[in-house]
Structure formats: structure tokens, C-alpha cells
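We did not get these values from a lab; they are worked out from the coordinates using the rules stated. Everything numeric here is computed off the predicted structure, so don't read it as measured data. Cβ: placed from backbone, ideal geometry, glycine included. Neighbour counts: every protein chain shown.
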Amino acid sequence: MMTTPIPKTMHAWRKHRGNMEAVWEEIPVPSAPPTGFLVKLIASGVCRSDHNLLTNEKQPSWFQQQFTLGHEGCGTIIEVGDCVPSNCGFKIGDVIALLSVPGCGQDDCPECSRDLPQLCQTGYHSGIGQDGFYAPYATIDVRGAVKVPQGVTPSQAAVATDAVTTAYHAIHRRGEIKENETVFLFGLGGLGFNALQLIRAIGARVIVSDIKQENMDEAKKLGVPEQDLVPVGRSVRKFVEEKGLVGKIDTVADFAGTQETFEDAQYIVRQAGKMLCVGTLNHKNTVHMKIGIRKRLSIIFSYGGQTQDLAKALELIQQGVLNPQVEDGKLYDFPAVLKALEAGNIKGRIALLQG
């Protein structure tokens, strides 16, 4: 089924193995997969991990020699696969957010069968080793599609598929943060800023630390009290001592993942507290075994999210509870946008629009 003519070819930003720069390349427009949709993209979010995908070639086995980048997307359904049930809840013309790793959904899958589809090794990985969303058209399995509610812009919906969904999954499902907790949050980048809003919506007290004053100013605008903002450059451990927070921090949510933040977290979290690890600015950090054991710490790692997380994230955006930081750009400008993001010159996220 289709309602508008679909071109045979399109230009897309591609990764070629052995080349560390994105390639603007003409490729065929795909057809809808049997159990999914062909989507005309409206917005595609740019993520720091796109740089890793371009430059790190020690990747999992499913990575293709050449593939279209982009793992955050929002678009309109223009073609439905032959095996998609008529009662699936989707139709041509629906605007949907695209979850890049919905899993294979098989009962015998070691990950999907344990409600871990974002860790599935055999399902499709849009923009992560397989064709993604930096193109005018893309495909998505029905399990990776979530309708975009009214009032949510395509740019918001695109970045919600990763930057908001990942934060939601970490805060609600991995960290299980509750209203009566005190949370120390490291890092107010694209994910951390969304995490801050989620924690405040829960009602927990949140202490915030970031290396950029402009990010701290944004936290203050959201309503974080001055006394809960660590001055830029101030020792976190001294701040915790001076503010009488020793033994009172239930969870440290680390959305930076540097050696300094990981080490500070172990010292400032209370006994039997939680360290929620999401950021990866340093790929290797050190666990102080005696501190961890004597305090009986729980170190929790979180990765990605699921369609149920994405649906909830979009609902919270619609309700005004969440307002992801996103600016608009153009698809053709992807390399320049990625460099600006890597240089720290972009606040929040950029969504690349068609045209």
C-alpha cells in the first residue's frame, strides 16, 4: 500500500569501513519490510555516539561494511509491510518515532525473552551497523514504532528515541529512583538534562554538578535551588561535607562517566546506596573495592531503552513535564553538526530536518 510516488534512489550519510568520515552517497530507497514500515523521515537526531560509530571500527559482528548512519528518527508511514497485522494500530500517514533497536522479538532470544530487547544481538540495529535514519527514507519494524502524540514536534520525537528514552529507562527502570530520595546528578548534557527533569518530576531532591556554568544556569531555571547546585570548579566531596549531605545521598546518577565523577560517586553515596552509571566519557574507571564492599554499594549500569520507555517519554513531553533541549539543523550539514557537538558547542541535541 502507498499513497505517494516513492523515488528509486536517495542520498544518505553513510559509514564505509576504513573511512573515518561520513560519505554522502546515493543509494536505493528501501521497501517496507514484511513486518514493518517504510517511513518518510521528517527529523533525525544527532548523537555523540555517531562519532564513535564513525571512528571506532572494533564493532560487533552484525556491522555491515557500509551502512546509513542515524539512530534517532521521526517520520511518516508511507508503506506497510505485507505481514503487518491490520489491527496493529498503525496506518499510512501516521507520524511515528523510531526506536533503533527494538530487538528480534523471538521467544528463544536470550535478550528479548528476558525483556532486554535493546541488548538483542540478532534484531535490526538502525544506524548502528545497519541502515539508519540520516536519509530521506528508512524502514522500521512494527515493534520499533511509537505514535507521536499531538503537541510533540518531530524534532522532539526524534531525540526522544534515544536522549530521553535512555534517560527514562535509567532513572525509572534501572535506578528506580523514588520521591523520598536525595539524588546527586553528574552531567547536564543531552541525556543528563532530561534525567534532571525526570528526577524533579518524581519529586526527589537532586544535587547537580556540571563543568559548564551555562548548564548550571539552565538547571537553576528549571527550579533547582541555589544550595543544591555545586559551583563550577568546586570540590564535590567538600561541597557534600559542607552542605551536611554526608550519608544522605541515596543515589548518584552519573551521566558524565569520567574518572573523577566515578571516583567521587563512591565517596559521596551513602552506605547501601546506588551508583547509576550512564555516561561514558572515560571508557575505563576504577572501583575502590574496600569502599564498595564496606559500604555495600550497588553499581548499576544502564543502556538504551524500550518502546514502552519511548511511549512514556513522548507522553511526558506532551504533558509539558519534559522539554528536551533540541535545535533544528539540515540533513546535509551532518558532518559539521557532529563536529560542533563533539566540540561542546551545541546545547542539548540537534535534529536534522529534510531539505
- [ ] Under a 10 Å cutoff between Cα atoms, tell me which one of A138, A272, A311 has the largest fluctuation in the Gaussian network model of the chain.
- [x] A272
Open item on the list: Only four residue types carry charge here, +1 at the Cβ of Lys and Arg and -1 at the Cβ of Asp and Glu. Report the dipole size of region 262-355 about the Cα centre in Debye, rounded to the nearest 20.
Closed with: 660 debye
- [ ] Find how many whole Å separate the alpha carbon centroid of region 73-95 from the alpha carbon centroid of region 285-344.
- [x] 28 Å
Open item on the list: Can you give the local net charge around G348? Use residues other than it whose beta-carbon is closer than 14 angstrom to its beta-carbon, Lys and Arg +1, Asp and Glu -1.
Closed with: -3
Task: Per-q log10 I(q)/I(0), region 103-229, q = 0.09, 0.13, 0.17 Å⁻¹ (Debye; single scatterer per alpha-carbon; no solvent) - done: -0.35, -0.70, -1.01
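Relative contact order for region 245-303: what percent, with Cα pairs under 8 Å and sequence separation of 6 or more? Spell out each step's value before the answer.
Working: 106 pairs, mean separation 22.4, N = 59.
The normalised contact order for region 245-303 reaches 38 percent.
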Open item on the list: Counting other C-beta atoms within 10 Å, and keeping those with at most 16, which DSSP coil GluC sites (Glu not before Pro) do you find in region 137-239?
Closed with: E176, E179
Task: Furthest towards positive pole of dipole, S235, A336, P60, structure part the chain, Cβ charges - done: S235
Task: Cut-off 12 Å between beta-carbons: net charge of the residues surrounding T68, Lys and Arg +1, Asp and Glu -1 - done: -2
Task: Alpha-carbon radius of gyration plus Dmax, which is the widest Cα pair, for region 1-91 in Å - done: 15.3, 44
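If you add up the charges near I177, with Lys and Arg at +1 and Asp and Glu at -1, over every other residue whose beta carbon is less than 13 angstrom from its beta carbon, what do you get? Don't skip to the end; give the middle numbers.
Details: positive: R173, R174, K178, R200, R205, K274; negative: E176, E179, E181, D250.
Charge balance near I177 sits at +2.
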- [ ] Can you find, among G129, V183, L322, the residue farthest towards the positive end of the dipole of the chain? Put +1 on the C-beta of Lys and Arg, -1 on that of Asp and Glu.
- [x] V183
- [ ] Working from Cα positions, state the angle (0 to 90°, nearest 10) between the long axis of helix 307-319 and the longest principal axis of the chain.
- [x] 80 degrees
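Once you charge only the Cβ atoms, +1 for Lys and Arg and -1 for Asp and Glu, what is the size of the charge dipole of the chain about its Cα centre, to the nearest 20 debye? Walk me through the numbers on the way to the answer.
Working: 36 positive and 38 negative charges, 186 e Å.
The calculated dipole for the chain is roughly 900 debye.
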Task: 18 Å Cα-Cα threshold exceeded, pairs from K178/K274; K8/K40; K243/K274; K220/K274; K58/K284; K147/K347 - done: K243/K274; K220/K274; K147/K347
Task: Cysteines not pairable in the chain (beta carbon separation under 4.7 Å absent) - done: C47, C74, C83, C88, C104, C120, C277
- [ ] Could you point to the residue in P117, F255, P102 farthest towards the positive end of the chain's charge dipole, with +1 and -1 charges on the Cβ of Lys/Arg and Asp/Glu respectively?
- [x] F255
- [ ] Let me have the relative contact order for the chain, percent, based on Cα pairs under 8 Å that are six or more residues apart.
- [x] 18 percent
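If the chain were replaced by its equivalent ellipsoid, with semi-axes equal to the square roots of 5 times the Cα gyration tensor eigenvalues, what would those be, largest first, whole Å? Before the final figure, lay out each step's value.
Details: eigenvalues 266, 83, 78 Å².
Here the semi-axes work out to 36, 20, 20 Å.
Looking at region 175-243, which trypsin sites (Lys or Arg not before Pro) are in a loop (DSSP not H, G, I, E or B) and have at most 15 other Cβ atoms within 10 Å? Mind showing how you got there, number by number?
Details: sites: K178, R200, R205, K212, K220, K221, R234, R237, K238, K243; in loops: K178, K212, R234, K243.
Loop-located and lightly packed - K178, K212, R234, K243.
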- [ ] Compute the long axis of helix 190-202 from its Cα atoms, compare it with the longest principal axis of the Cα atoms of the chain, and write down the angle in degrees, 0 to 90, nearest 10.
- [x] 70 degrees
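Report the trypsin sites (Lys or Arg not before Pro) located in region 1-56 that are in a DSSP loop and have at most 12 other Cβ atoms inside 10 Å of their Cβ, or state none.
Details: sites: K8, R14, K15, R17, K40, R48; in loops: K8, R17, R48.
Here the sparse-neighbourhood loop sites are K8, R17.
I want to verify the translational diffusion coefficient of region 176-301 in µm²/s; compute it with Stokes-Einstein, Rh as the Kirkwood radius over Cα pairs, at 25 °C and 0.890 mPa s. Walk me through the numbers on the way to the answer.
Values: Rh = 14.3 Å.
Estimated via Stokes-Einstein, D reaches 171 µm²/s.
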